[in-house]
1. Tell me the net charge near A:Ile231. Cut-off is 13 Å between Cβ atoms, A:Ile231 excluded, with +1 for each Lys or Arg and -1 for each Asp or Glu.
2. Check each of the trypsin sites (Lys or Arg not before Pro) in the range A:130-196 and keep only those in coil by DSSP with at most 15 other C-beta atoms within 10 angstrom; list them in order.
3. Counting pairs of alpha carbon atoms under 8 Å apart in space and at least six apart in sequence, what relative contact order in percent does the range A:131-196 give?
4. Grab the Cα-Cα distance for A:Ile385 and A:Ser583, subtract it from 0.36 nm times how many residues apart they are, and report the gain in nm with one decimal.
5. So if R0 is 51 Å, what FRET efficiency would B:Ser129 and B:Arg8 give, r being the distance between their Cβ atoms, rounded to the nearest 0.05?
6. Test of understanding: extend the Cα→C-beta vector of B:Thr136 to 7 Å, then name every residue of the range B:223-246 with backbone N under 16 Å from that spot.
7. Report the GluC sites (Glu not before Pro) located in the range A:471-575 that are in a DSSP loop and have at most 15 other Cβ atoms inside 10 Å of their Cβ, or state none.
8. Ordered by packing density, taken as the mean number of other Cβ atoms within 10 Å over each peptide's residues, highest first, how do A:657-665, A:425-433 rank?
Amino acid sequence: MNKCVRSLMVLFVAVGVLAMVGTVVLAGLPAEPLTILNCKTGQYDNITVRTEPGPEYACPTKAGGSYTYAIIASPSTLNPVTASDTASDSISDHIFGTFYTGYSLLGAGAQGTDPQVASVINVSKDGTTVTYTLRKGLVYSDGSPVTTDDILYWYRNVVWDPNLPNSNQDSFTCTDGSPFVVTSPAANQIQVHCPQPFRTYTGVAGAMYVMSKPMALELIKSQGIATQKIIGPGPNGVLDTKPAGDDKVSGPDIGAGKDGTLNTTPAGDDTIIEVPTQEFLGLGVNLKQLRGLGPFVLSSFQSDSLAKYARNPNFYESDSNGTQLPYLNSLQIVIIPTAGFNLALSDFLNGTTDEYGPRPQDISVILSQAAAGGFGVNQDINTGIANAGETFVTPNFDDPDPNLAAVARNPAVRKALFLAIDRASLVNNVLLGIGTPQLNPVTISGTSGSQFFSGRNNTCATFIKTGLADASSCTNGVWTLSNGLPLTVTNLPDPSNADVAEELSCLNDFAGCLTKAGAMLDAAGIKLGADGVRQIPANFDPVVKNPGGAFSVQIVTNTGNTIRVEMEKVVCNGWNQIGVKCSAVTTSFPTLVHQLLGGTFTGYILIGLTGGDPAGAANVIRCGTFLHMWHVSCDPTATSGLTAPTADEVILDKDFAQGRSATDVAGAQVGFDKEQTDFAKYVPYYHLAAGNALFAERTDRISNTGGAINANDDVKFRCDLPGQQPSCNNAPHQ
Amino acid sequence: MPSFIARRFLYMLPILLVVTFIIFLLMYFQPGNAVDKLCGLACPKELRAQLIAHYGLNKPMLVQYFNWLKGVVTQLDFGYSTSYQGPALQALLGENRWLYTLLVLSASMLISWLIAVPIGIYSATHKYSIADHTFTLLGFLGLSIPNFILGLLFLWLVVGVFHLGSINHFFQVGGFLNPGLMGKPWNLTVVLNFLWHFLPPVFIIGAASMAAIIRYMRGSLLDVLGMEYVQTARAKGLRERVVIWKHAVRNAINPLISMLGFWVPYLMEGALIIAVVFNLPQIEKTFIQAIENRDNPVVMSGLFVFSVILLLGNLAADILLAISDPKIRYE
């Protein structure tokens, strides 16, 4: 008996020791490798949807070097969750990984998912639940381990922190308006659930942040930032508690109401969680406290002049030669907040930066200087493809000037102002012909979102049939305007819709549209005064109850962006011609973004939004979302008053919901086509023109690039040329 | 002398107090406040009320002023920068901006004096010579050309005409170092590269004051050279060098020293624009951005720091004047 017990004990001890040794060995193993770039084919392994880089890529045999580029606005935060401007994204993307491209941390693309931080991705049969299994041994740049608790913390305590309004809350929302239910069914698994599947669901869910929870807690503590208690869902991911007193539900949480006290007691498995009361990852943080999964670490940072990065020694990707990425030893971003494009061009010409996103007028300067100065530059600076995204002027339904609020809320006035913008002139004179007029928010043809552009089936015949063009002005799919500007008809919306046709007619007959716009304002009761300025009648909008006065506006855009400054002038020129007194001014980019997101600004803002799949505008089109800039105070639950959505907002919401909730492309096209024609009818904001993507690069220094600017995809695969030219000359841009 | 300096220093305190009040009023009466910036128009009322109470914006103006002053005096706390998301003074002076500003201003002043005073003396002692006419012409040019034009001209020459940076990466422009050299240990290359970046803005900022000093020095010395005691010195048979340097220059330079304090704001004004043209990480550029961003606490810190620099400049001028002219003493 004793012998038997002893033998069993020995066996148990032996198994225990083996298990312990096994655990230690496993824990000591490096991260499960992710071979991201196949050096033989130049293609990315394990990636289901990717269009670039193409086969012309090959891996350099040596790593090293540095790379520099410039951005023409200063960042406003290092926190990718709260960032609402591309300047901030440009800085934080390299540290924390890219959020918005097809290369994001959990492997999200708008049209699918790729194994990245997650090595396995499972989608349930009904398409409502996505399960991500994290790669083994994954560590942040400081060597600390990645856990699912990190993901849950950033989702529950940061993304949904009521004190940190951010755009992600709109994205991480199901089509019925409920927040994603995020749980951790196992120590290495994250599960995201929605009641209904939708076309881009797996991509959006996969864009969840994988950032360090200990880092966040350290930052909050070291800066003495106060925290606030709220009730959040427990392990089941669902809020079981009902709010008590004046407490209210916000996203997946319950927070204090007007009395500032949390009156509710958690029920079920819900827990009280603490959220920071203000931004904790701002520009002034101690860089030593930062850690991330991105290819670089921020080694020094002057928020208005330079960000310098070093290689992340623990970055989890490698090429098929076994070389750990990124290839570069260091990366620099020169920040030029005030002098903008002009200084950025000078920096590029003088060799300070390796790449530049030029203005149309810079192309000839760059090419001639390259020839004269003896430096190499790609000759295909004009990619010929329109930039994804939108450039627009937005009115403000919440304008502190009640007269301007009143006219902003009126669709007829908005339409009149829309028609009085000379888009052909914008393209011809500001973009020097290198662009396309833009009439609605859906990304125009030639880009990844082209399948949703309503004019995708346009032909010259359809333009001739509507009377917009004749056989001599439209041939082979190109409509040549009276001012000589050639336009590809598939880059224009479908002219079979009367409202769209009216807008298109302005491209060829702007004078006629000015007359139309004037007549529309007359019909609305906004008549010309003796001084040539139109007068807005008192009580023009019964909800606003405006006092009446001169129709005088200012348009503001960001300092340093000379393209937008010129666009302002063209817009004002048209508006002045119909008696709307207009002036153009500039301010800093962060101020502009702040104003756009609800600052107390008066007048109109000219700015741009990045674009792609129109479903991505979940944070823009819908009333109550973060970037619903023309009516920031819009509350979808309100039925009357200034915050209630206007009739046209309700219609656009419906169109967008139809497009977003579809489960296939054909279904989405129906909704987004409707959205585009309704944009032509109600014009909530005024689109201007889309310039082509322009990209200049020093080919004497860096050559194995893909043309994308500021994206980690690109930067990770680059190496510097000095002394290493033979290893890097697999150049697509020669 | 120490008691003179101490008294002169004490005179600064009430002036600074008045300055702080004016600064506070300027910012107080501006439309909008920190909560507008932090929370926006769509800010929930409860959160807005919480933030207003948190930042003490619901208190009477004088109470807000004294609270702000108390923070400034006791903790150098100028408030919270909404753009930088941290202490306002840190936002303004941090990332070594104060050091770069101090370096540029003092180097500009030093270089402009070192070059301008001897030229002014030479012009005065060689009145109406070709050299005098040349320096006079250059002086007027320096005074009349805004320094941002000089800055742009320099960039055009380096980048557009000589393609220096393309020929050799060492000659990149903008900032205080080539981005690739930032953070590297100091060695000869880094030092030379720093000088390549540092000296052009220093000379350009100093150009206007250099031109003015030449004109002032020339005029002042010409006045003094016509005085009887100079003729007496010459009549005594003193060597011309002694007459000029020991008797004339020492008296002629006093008005310039008294103006030293007034050069500081001119230099700062020049540095404000040049910091933008050359993308220099100085407090001036942060100050401009804070104005654009309506980041009031940083603007207030900036105005305060500039006032302090101006007062210190005047103090330094008084001390130097007291040293150079034994007659001048405050009682």
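1. The answer is -2.
2. A:Lys136
3. Normalised by residue count, the contact order of the range A:131-196 is 37 percent.
4. 68.1 nm
5. Efficiency for this residue pair is about 0.80.
6. B:223
7. Within the range A:471-575, no GluC sites (Glu not before Pro) qualify (loop, at most 15 other Cβ atoms within 10 Å).
8. A:425-433, A:657-665
Laboratory data are not the source of any read-out in this text; all were calculated from the coordinates shown. Being a predicted model, the structure only gives us computed values, none of them experimental. FYI the Cβ positions are ideal-geometry reconstructions off the backbone, even for glycines, and counts take in every protein chain you see.
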